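Data first, discussion second: the structure below is written as structure tokens.
The values are calculated or read from the model by the stated rules, or taken from the named source; none is laboratory data. Note that the coordinates shown come from a computational prediction; the quantities given were computed from them, not determined experimentally. When we count neighbours, we look across all protein chains shown, and the Cβ atoms used for this are built from the backbone with ideal geometry, even at glycine.
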Amino acid sequence: MWYFVVPEVVFGQDALSHLAQLKGKSAFIVTDKNIVSLGFVDKVKEQLSQAGIQATVFDEVEPDPSLQTVQKGVALMNQYGPDLVVAVGGGSVMDAAKAMRVQYERPDIKPEEINPFISDLGLGAKCKLVCVATTSGTGAEATFAVVLTDTADQRKLSLINREIVPDIAIVDPELARAMPPQITADTGMDALTHAVEGYTCTWKNDFTDGLCIKAIQLVFQYLPRVVKDGNDMEAREKMHNAGCIAGIGFINALSSMAHAAGHSLGALFHIPHGRAVGLFLPYTIEFIGEVREELWAEIAYAIKLEVPKGKRAATILTQAIRGLAHNINQPLSIKETGISLNSFNKAMEKLIDNIMADGSLIVSARIPNVAETERFLGYTYEGKSIDF
Ligand SMILES: [Fe+2]
């Protein structure tokens, strides 16, 4: 038995106006200072006021949000007593809001105690959570996973429980328009990695396959266009949808080795999440290789790649992914991210430890041992195709 969990998704031009139809008295808006300066918070407040909802703004969420920031937000929520939490931002903002909502509704449960097997969180009694996505790729508006950093303890906390899924996801392309090309490219690669890993990990299932394939098609068709011209609103809308679709796809299947490696590299060298996981994606496909050949062929077919006789679909697919990444100025090797060989070698042990301890690795169709992980990282540093 398994579950397929999804928020109510409101998408397309003007989806934001759905806020004016919400019911409630008092909203707590969770965001960051950049989103405030772009004027998006004013737009959200305007819509809420049409519904007669008062709003308080908490704009202190930082990238890689900390447990401490969450606690600060929860203290304010306890003061105001909102019946609506509205996250306006990218993955960090939405993750922080999801965690705040849990702590607000269930102060008796510590964040580190939340796991997939608790079935009685009973969220929704005190407030509803609405996520308004301003980036296209993390899928956080539709997922039930949260990553927090405990700065006091210098560790990452992963909260996964299907009850923490937002009640409503707002996927309005107008809010993604402000993203600069670099963030568009980074988050787009995250969406692609979610979709490919969701389609090929060992927990893939009938409910997620179609979503993942559709997201892959959308990314290949529209990501280069929107990186080139951020005002290409057709491409913006398609990529904004792709990020959410891939989010629903992967969270109900799970991500695997590219995410394990990307988390590790990102945590040690502060490479943005999407750039890091996207960098590892082709190497992961090469490493998993034969055991998923049929699925690589299905993906290749879906994006109209020809696999000549005698060639492997994995090879053709990785060429296409590297071509896409090159096209949108993403690094193709760890070296190209600017990390020196010396600091890479120094970090090797920690990089391997992090990968081996990452929950995402469990669902990889081929799980590397320590020696293979070290080789895998070495090849990825140099930009050499995996041949073992
Ligand atoms: Fe991701």
Condition check for residue 149: surrounded by fewer than 24 Cβ atoms within 10 Å (Cβ to Cβ), touching a residue at least 40 places away in the same chain (Cβ under 8 Å), closer than 28 Å to residue 190 by Cβ and among the polar types (S, T, N, Q): yes
Can you find a residue that is on the phi > 0 side of the Ramachandran plot, touching a residue at least 40 places away in the same chain (Cβ under 8 Å) and within 16 Å of the ligand (Cβ to nearest atom) anywhere in region 63-78? yes
Is it the case that region 66-80 has a residue that's within 18 Å of residue 175 (Cβ to Cβ), modelled with pLDDT of 95 or more and over 23 Å from the mean Cα position of the chain (by Cα)? no
Hey, can you tell me all the residues within region 252-270 that are farther than 14 Å from residue 186 by Cα and not in a helix (DSSP H, G or I)? 252, 253, 254, 255, 256
If I ask for residues that are of a type outside the set (Lys, Arg), more than 18 Å from residue 330 (Cα to Cα) and crowded, with 16+ Cβ neighbours inside 10 Å, which ones from region 275-297 would you list? 286, 287, 288, 289, 295, 296, 297
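Does residue 141 satisfy the criteria of being within 16 Å of the ligand (Cβ to nearest atom), closer than 26 Å to residue 117 by Cα, in contact (Cβ under 8 Å) with a residue 60 or more places away in the chain and not assigned by TED's automatic domain parsing to the domain that holds residue 16?
Criteria not met by residue 141.
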Yes or no: residue 170 on the phi < 0 side of the Ramachandran plot and away from the ligand (no atom under 16 Å from the Cβ)? yes
Return yes when residue 245 is within 16 Å of the ligand (Cβ to nearest atom) and out of contact with any helix residue (DSSP H, G or I) (no Cβ under 8 Å at 6 or more places or on another chain) and no when it is not. no
So which residues in region 1-28 are under 30 Å from residue 253 (Cα atoms) and either in a strand (DSSP E or B) or of a type in the set (Lys, Arg) (or both)? 8, 9, 10, 11
Those residues that are among the acidic types (Asp, Glu) and surrounded by 24 or more Cβ atoms within 10 Å (Cβ to Cβ), I need them from region 187-206; list them, please. 190, 197
Regarding residue 175, is this residue among the hydrophobic types (A, V, I, L, M, F, W, C) and more than 16 Å from the ligand (Cβ to nearest atom)? yes
In the list 223, 254, 268, which residue meets the criterion of being surrounded by fewer than 24 Cβ atoms within 10 Å (Cβ to Cβ), within 16 Å of the ligand (Cβ to nearest atom) and farther than 22 Å from residue 386 by Cα? 254
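What number of residues within region 8-40 are over 24 Å from residue 234 (Cα atoms) and either touching a Pro at 6+ places or on another chain (Cβ under 6 Å) or aliphatic (A, V, I, L, M) (or both)?
8
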Sole exception among (1) over 22 Å from the mean Cα position of the chain (by Cα); (2) more than 15 Å from residue 159 (Cβ to Cβ) for residue 128, by number: (1)
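Counting only residues that are assigned to a loop (DSSP other than H, G, I, E, B) and within 16 Å of the ligand (Cβ to nearest atom), which one in region 97-138 is surrounded by the most Cβ atoms within 10 Å (Cβ to Cβ)?
Ranking the qualifying residues of region 97-138, first place goes to 137.
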